Amino acid sequence: MSFSTRQRRATVSDLPSSSSPPQPSKPESYTKVDKPGRSSSDGVGEDRGLGWFTVLFALGMLRYISATSNIIHDCDEVFNYWEPLHYLLYKSGFQTWEYSSEFALRSYLYIIFHELVGRPASWLFAEEKVRVFYAVRLFLGFLSLISDATLVVALSRKYGKRLASYALAMLCLASGCFFASTSFLPSSFSMYAMSLSSGLFLLEKPAWAVAVAAVGVILGWPFSILAFLPLTFYSLAKQFKQAFLSGAVTSIALLALSILVDHCYYQHWTSSVFNLLVYNVLGGGESHLYGTEGPLFYIRNGFNNFNFCFILALLFLGILPIARRKYAPELLVVISPLYIWLAFMSLQPHKEERFLYPIYPLVCVAASAVIESFPDLFQDKYNPYDNSIIVMMAKFLRPVALSVILCASHSRTFSLINGYAAPMEVYKILEHHDDARTGSVLCVGSEWHRYPSSFFVPDYIGEVRWIDDGFRGLLPFPFNDTLGGTAAAPPYFNNKNKASDEQYLRDIEACTFLVELQLNRPFPYRGNDLSAWEPIAALPYLDRELSPAKYRSFFIPYLWQEKNVFGMYKLLKRVSKPE
């Protein structure tokens, strides 16, 4: 009869423990030591989570691979960042209208921060400018390494090895993080700040977290301030005086330094941070002139770059009611910018993949938390040792889901690198054709937007010129030292994306080399007459328009080569006329 009496089920707090001191009945937050079954009596001591060496080694290898193999995904990266850096180092390079002193929308403080690495590299490698390019890339990978490692170690110490290991694997291999980590873009810099700030926040260093957030906004991308608001507000709530002072001092110091640097280069008192905000927010900036996309653009883009990881990340709020003791409020605060930023950016008409970079690490963290919580969805909340079949299946599903995500991520990365690396590789071949006369002219037509930067153009090339191939927008011009270099306000620039009469080379006979993408189209397309040219390099380039989306987006063995259509990316040299 005694066994038939209904009794209250034992809870975790009812279970005796000789290895840990009594805990408060309602802990402020969930940490890895709150998990049932952990004990230091097993002879190995307390589980200290993932160590720094493991995290740094894993991330370091992948960031090195990214730095050396990453392609350039956006022409803005070249013309708004690599080219100004090249000009500061070598006194030559292309200038966009944003760098005209009339508009002064771009910060030279961000550029000279990278010059700290580029300048010594230019001394070390002398005329080998491509090595300088990759030295800066390695520096970007190092920044990503430190920030992401801090986030992973913080997750490990607060939530345990499993969640941190999942996040580490995704940060290493997810295509979005692989490519964004070594891109020379302010949005990537804000991504580094997001990882580092989130890690410091989880390590109970709110003042440092707010200071890093300020660096990410002012030195990086001003618009990312929206993504840092949840972490900043919560840090102020926890430690107001220290967090406020650190954020205020850092912000004032960086803004003052930014204004001084802008004055040095633009030669008048201005603030690129303020100008950018005014142009896009208060001044009715016309970003729609550069293309618009529908509201689902970032959903499709997120799946391409993170596959099922992105879907799981969006489900984090769905599992929160079940796992709130583990993840609320700190992890919720860290992940919340994912939803805020995604919603805000989806409402903007002009959309670009790089605009989501600041929240890329949070996608990995949110998906990791969801995968780690699979058993919690089916476990008896009154029995922490529930090992029913469905719970065991949920535990088995965790490595399966992670494996699918990592395999799909590798497939995506492999497809992009092998499908679109031709422009960078073709320009490298110029280095081996210095038998051409000094002052040679390199001409580029419709492929101007894939120009990999002047770091890939050897010194015997006197100038790079655009030739008219049908584009009617405004193209970059070389920095004009006659008009004042960085302080110039050239009359051929405008903020309406209207082509200038001076942007094209009219005499194609003056071209020594030509870069051309030759496509095998079933219909006529605008291209150059190549009869007067001889190819000196040709590499396959994936034809996005004629290739099926699923085969071009992800590498599927055999089918990738069979189903996709490829053009030839060519470097040509003018045939010498017989005398």
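The values are calculated or read from the model by the stated rules, or taken from the named source; none is laboratory data. Just so we're clear, the structure is a prediction, and the values are computed from it rather than from any experiment. Positions of Cβ are backbone-derived with ideal geometry, glycine not excepted, and every protein chain shown enters the neighbour counts. Heavy atoms of the whole protein, side chains included, go into the accessibility calculation; ligands, DNA and RNA do not. Shrake-Rupley method; radii C 1.70, N 1.55, O 1.52, S 1.80 Å.
Among the residues making up region 343-355, a single one is in a helix (DSSP H, G or I), touching a residue at least 12 places away in the same chain (Cβ under 8 Å) and either aliphatic (A, V, I, L, M) or buried (at least 23 other Cβ atoms within 10 Å of the Cβ) (or both): 345.
All told, residue 458 meets the bar of being at pLDDT 90 or above and more than 20 Å from residue 74 (Cβ to Cβ).
Out of 79, 139, one residue alone is in contact with a strand residue (DSSP E or B) (Cβ under 7 Å, 6 or more places away or on another chain) and either open to solvent by less than 10 Å² (accessible area, probe 1.4 Å) or modelled with pLDDT of 95 or more (or both). It is 79.
Looking for whichever is open to solvent by less than 40 Å² (accessible area, probe 1.4 Å), within 21 Å of the chain's Cα centre (by Cα) and within 23 Å of residue 257 (Cα to Cα) here; the options are 145, 89, 85. Which one fits? Even if it seems obvious, please write down each step before you answer.
Details: 145 fails: within 23 Å of residue 257 (Cα to Cα); 89 fails: within 21 Å of the chain's Cα centre (by Cα).
Sole residue among the options that is open to solvent by less than 40 Å² (accessible area, probe 1.4 Å), within 21 Å of the chain's Cα centre (by Cα) and within 23 Å of residue 257 (Cα to Cα): 85.
Within region 557-578, if we keep just the residues that are polar (S, T, N, Q) and surrounded by fewer than 16 Cβ atoms within 10 Å (Cβ to Cβ), the residue that is nearest to residue 436 (Cα to Cα) turns out to be 576. Residues of region 183-215 being farther than 24 Å from residue 402 by Cβ and among the polar types (S, T, N, Q), which ones? If the condition is that a residue be farther than 24 Å from residue 402 by Cβ and among the polar types (S, T, N, Q), then 183, 187, 188, 190, 197 are the ones that fit. The set of residues from region 475-514 being in contact (Cβ under 8 Å) with a residue 60 or more places away in the chain and within 30 Å of residue 536 (Cα to Cα) comprises 476, 477, 478, 479, 505, 508, 510, 511, 512, 513, 514. Which residue is farthest from residue 268 (Cα to Cα), if the candidates are limited to region 481-496 and must be surrounded by fewer than 13 Cβ atoms within 10 Å (Cβ to Cβ) and not β-branched (Val, Ile, Thr)? Looking at residues that are surrounded by fewer than 13 Cβ atoms within 10 Å (Cβ to Cβ) and not β-branched (Val, Ile, Thr), I get 496.
Of these, 165, 195, 188, which one is small (Gly, Ala, Ser), more than 21 Å from residue 106 (Cβ to Cβ), open to solvent by less than 10 Å² (accessible area, probe 1.4 Å) and modelled with pLDDT of 95 or more? Break it down into steps so the answer makes sense when it comes.
Working: 165 fails: open to solvent by less than 10 Å² (accessible area, probe 1.4 Å); 188 fails: more than 21 Å from residue 106 (Cβ to Cβ).
Criteria check complete, one pass: 195.
Scanning region 500-507 turns up no residue that is open to solvent by 70 Å² or more (accessible area, probe 1.4 Å) and either in contact with a helix residue (DSSP H, G or I) (Cβ under 8 Å, 6 or more places away or on another chain) or at pLDDT 95 or above (or both). When restricted to residues that are in a helix (DSSP H, G or I), closer than 19 Å to residue 92 by Cα, in contact with a strand residue (DSSP E or B) (Cβ under 8 Å, 6 or more places away or on another chain) and open to solvent by 10 Å² or more (accessible area, probe 1.4 Å), region 430-449 contains 1.
Name the residues in region 197-222 that are of a type in the set (A, V, I, L, M, F, W, C) and without any contact (Cβ under 8 Å) to a residue 24 or more places away in the chain, would you? If you could, list the steps in order and put the result at the bottom.
Quick first cut of region 197-222, residues of a type in the set (A, V, I, L, M, F, W, C) only: 200-203, 207-215, 217-219, 221.
Answer for region 197-222, where residues must be of a type in the set (A, V, I, L, M, F, W, C) and without any contact (Cβ under 8 Å) to a residue 24 or more places away in the chain: just 212.
Put simply, of 340, 299, 311, 322 the only residue that is touching an Asp or Glu at 6+ places or on another chain (Cβ under 7 Å), open to solvent by 60 Å² or more (accessible area, probe 1.4 Å) and assigned to a helix (DSSP H, G or I) is 322.
Look through region 404-429, keep the residues that are open to solvent by 60 Å² or more (accessible area, probe 1.4 Å) and of a type outside the set (D, E, K, R), and return whichever of them is nearest to residue 519 (Cα to Cα). Lay out the reasoning, then the answer.
First, the residues of region 404-429 that are open to solvent by 60 Å² or more (accessible area, probe 1.4 Å): 404, 407, 410, 414, 418, 425.
Subset that is of a type outside the set (D, E, K, R): 404, 407, 410, 414, 418.
Values: 404: 34, 407: 31, 410: 27, 414: 22, 418: 17 Å.
This residue is 418.
Within region 248-271, the set of residues being among the polar types (S, T, N, Q) and open to solvent by 70 Å² or more (accessible area, probe 1.4 Å) comprises just one member, 267.
Looking only at region 131-144, decide whether some residue is among the hydrophobic types (A, V, I, L, M, F, W, C) and free of Cβ contacts under 8 Å to residues at least 24 places away in the same chain. Within region 131-144 (the criterion being among the hydrophobic types (A, V, I, L, M, F, W, C) and free of Cβ contacts under 8 Å to residues at least 24 places away in the same chain), the answer is yes, since at least one residue qualifies.
If you go through region 356-376 one residue at a time, how many are assigned to a helix (DSSP H, G or I) and modelled with pLDDT under 95? Talk me through it step by step, then tell me what you get.
Residues of region 356-376 that are assigned to a helix (DSSP H, G or I), as a first pass: 356-372, 374-376.
Within this subset, residues satisfying the condition of being modelled with pLDDT under 95 are 372, 374-376.
Total meeting the criteria: 4.
Looking only at region 95-106, filter to residues that are outside any helix (DSSP H, G or I) and open to solvent by 10 Å² or more (accessible area, probe 1.4 Å); which one of those is nearest to residue 475 (Cα to Cα)?
Our first condition is that a residue be outside any helix (DSSP H, G or I); within region 95-106, this holds for 95-96, 100-106.
Filter again for open to solvent by 10 Å² or more (accessible area, probe 1.4 Å), leaving 96, 101-103, 105-106.
Details: 96: 7, 101: 17, 102: 17, 103: 16, 105: 17, 106: 17 Å.
Here the answer is 96.
Considering only residues in region 233-247 that are under 27 Å from the mean Cα position of the chain (by Cα) and open to solvent by 30 Å² or more (accessible area, probe 1.4 Å), the one that is nearest to residue 106 (Cα to Cα) turns out to be 233.
In this structure, does residue 523 turn out to be at pLDDT 90 or above, assigned to a loop (DSSP other than H, G, I, E, B) and either touching a Ser or Thr at 6+ places or on another chain (Cβ under 9 Å) or within 30 Å of residue 509 (Cβ to Cβ) (or both)? It is false that residue 523 is at pLDDT 90 or above, assigned to a loop (DSSP other than H, G, I, E, B) and either touching a Ser or Thr at 6+ places or on another chain (Cβ under 9 Å) or within 30 Å of residue 509 (Cβ to Cβ) (or both).
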